[in-house]
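Trainee: Questions regarding the structure given below will be posed in turn.
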Amino acid sequence: MRKIYRFAVIPLLVLIFTFSLGGCADANFSDDALLRPPKTTGDEAAIQDIIGEQAGGNYTLKYPENGDNRSAIIMHESEDSKCAVALYSTENDSKLNVSVILYGEKGWICNGTFNNGASGVDRVIFDDIDRNGTDDIIIGWSSYDPNKKTLSVYSIENETVREMTVDETYSDIEISDITGDSVEDIILLSLSTSKNPSQVKLLQYSEQDKRLMKKFNVLRLDSDVTEFAKISVGKIDKNTTGIVIDGKKSGDLLSTQIIYFDKRKNVLVNPLVTLSTEGQQTNVTTRKDSVLSRDVDNDGIIEVPVVTQMPASTDQNASNICSLTSWKQFSAVDSTLVQELSEVINYNDGYSFSIPDKWKNGAVTALFDAETRQLTFYVWDSSTGSLGDRLLTLYRYTKYEWDDIDKRAVFTLDNLNDKSPNPVFAAQIFRTDADDSLNITEKEVQNSLRPI
């Protein structure tokens, strides 16, 4: 798994304004204006002096666009080493430069400056990829094509910095031991282009070849995904670490893919995407709701949302019919999705209602009235395809409306009102004689609600 590191940011360098004797009306300042460090003391001064020497004059700092480390000058400590990573371009060269500055017995010394023809810096990650006991510097370089980012790794050993370049490109990157061999894997995720399909590649450091090498199979991803909405690395079941990808598709659709290493077959797999005999891709998680995968029950395992429409009569206004979000865990043992909990999510008013076990298996449905802001649960009569008795209504009132409500008929919803005292959330319980096992208590209602 990716580690958490301590890092500090060198204070922002100041712009050098050049004024002519006749005034500054012709001055032209832009985001790419060259930067010169101010006079500082201690470590900062030493590092800035080194950058100036390496640049050979004025330079422009370059900031990573993504990831945890967003400074152009990043301080990092690991085990018994301390380094500074500086990212910049110079007035004499359009290429990007990275200077690796190490702290040793003689203080701060630049142990290597390398350049790259990329258009920008995607991200900087620290991890011991080559397993020599010192964190490597992993730099993703951005390009004008967001799906063709490149990668460089800078290995530090005995105060020597060695650059490893990688031929593979990527759209997004994750670092984690998903193969379970106690070796950190570099996982490159790529969206489809005119020349290449959407795919996943896994890289590991080869001690024999002294470089990063592609390992295992190149895995196809859902070709209909046009953008990664969220990428989560973690447990997908009790014994398996994987990558959960929520991806955007055309038509405002989302779907989820789970990538993990099948130890029995010794391959990377993507079990939620299936290919029909006609060549059509299907994914049971495809949905219109913008709900993303997460650990919903705080058990350390990422759940995947499967969204279905609740039952309704054929003449019911489709906009009023609620969706049921079923949160499911993947089982790597038999490649199935196992339901953990189900809920109705009210995006309009910012809360969700967990369906109690006695309401499952299609016994209950729900309708939402956007005009009155009421979410109502009913008994569902599957034999006739019609609504039965009302069981529960959840209300959202403005503070002024609440003053006129008969408080004997409703009770306030503590979990929601603690987060938002205005509007006021309340509920009303109804009883059915058709099946008294479906009747719900106030305590059950309070325990089923949470803000989103």
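Please treat every number below as a calculation from the coordinates, not as lab data. Just so it is clear, the model here is predicted, and its values are computed rather than measured. All Cβ positions, glycine included, derive from the backbone under ideal geometry; neighbour counts span all protein chains shown.
Trainee: Put one equal scatterer on each alpha carbon of the range 253-358, apply the Debye formula with no solvent term, and list log10 I(q)/I(0) at q = 0.12, 0.13, 0.20, 0.21 1/Å to two decimals.
Mentor: The Cα Debye sum returns log10 ratios of -0.50, -0.58, -1.16, -1.23.
Trainee: Something else about it: Using Cα-only point scatterers and the Debye equation, what is log10 of I(q)/I(0) for the range 348-452 at each q in 0.13, 0.14, 0.20, 0.22 Å⁻¹, rounded to two decimals?
Mentor: Reported log10 I(q)/I(0), two decimals: -0.47, -0.55, -1.07, -1.25.
Trainee: Something else about it: What FRET efficiency comes out for the pair Ser194/Val218, r = Cβ-Cβ distance, R0 = 25 Å, nearest 0.05? Let's see the in-between values first.
Mentor: On the way: r = 18 Å, r/R0 = 0.72.
Once rounded, the FRET efficiency stands at 0.90.
Trainee: Rg and Dmax of the range 147-260, using alpha carbons, in Å: what are they?
Mentor: 15.4, 54
Trainee: Oh, and also: List the residues, sorted by chain then number, that are 5 or more residues from Asn69 or on another chain and whose placed amide H is less than 5 Å from its amide H.
Mentor: Long-range HN contacts for Asn69: Val124.
Trainee: Applying a 10 Å radius around every beta-carbon, put 434-443, 118-127 in order of their mean neighbour count, most first. Numbers along the way, then the final one.
Mentor: Numbers: 434-443: 12.4, 118-127: 20.6.
Top of the packing list down: 118-127, 434-443.
Trainee: Same structure again: Rounded to a whole number of µm²/s, how large is the Stokes-Einstein D of the chain at 37 °C and 0.692 mPa s, given Rh as the Kirkwood radius over C-alpha pairs?
Mentor: Details: Rh = 26.1 Å.
My calculation gives 126 µm²/s for D.
Trainee: So what J values fall out for the range 83-100 if you push phi through Karplus, 6.51 cos²θ - 1.76 cosθ + 1.60 with θ = phi - 60°, rounded to Hz, Gly and Pro as x?
Mentor: Ordered by residue, 3J(HN,Hα) equals 9, 10, 10, 10, 10, 6, 10, 10, 6, 9, 8, 7, 6, 8, 10, 10, 9, 9 Hz.
Trainee: Would you give the gap between the C-alpha center of the range 290-307 and the C-alpha center of the range 227-264, rounded to a whole Å?
Mentor: Each part reduced to its Cα centre gives a spacing of 11 Å.
Trainee: What's log10 of I(q)/I(0) for the range 58-112 at q = 0.20 Å⁻¹, Debye sum over Cα points only, no solvent?
Mentor: Values returned for q = 0.20 Å⁻¹ are -0.78.
Trainee: Please give the length that would be gained between Asn66 and Gln208 if that part of the chain were fully extended, namely 0.36 nm times their separation in residues minus their C-alpha to C-alpha distance (nm, one decimal).
Mentor: Working: separation 142, 0.36 × 142 = 51.12 nm, distance 3.22 nm.
So the chain would gain 47.9 nm between Asn66 and Gln208.
Trainee: Under a crude label model (7 Å from the Cα following the beta-carbon direction), how far is Ser182 from Asp406 in nanometres?
Mentor: Between Ser182 and Asp406, the simple spin-label model gives 7.1 nm.
Trainee: Which value in deg cm²/dmol, rounded to the nearest 500, describes the helix-derived mean residue ellipticity at 222 nm for the chain, given -39,500 (n - 2.57) per DSSP H run of n ≥ 4 and division by the residue count? Before the final figure, lay out the partial values.
Mentor: Values: 4 runs with 29 residues, N = 452.
The helix-only estimate for the chain comes to -1500 deg cm²/dmol at 222 nm.
Trainee: Okay, moving on. Can you list, largest first and rounded to whole Å, the semi-axes you get for the range 187-334 by taking the square root of 5 times each eigenvalue of its Cα gyration tensor? It would help to have the intermediate numbers written out before the result.
Mentor: Working: eigenvalues 200, 69, 35 Å².
The answer is 32, 19, 13 Å, longest axis first.
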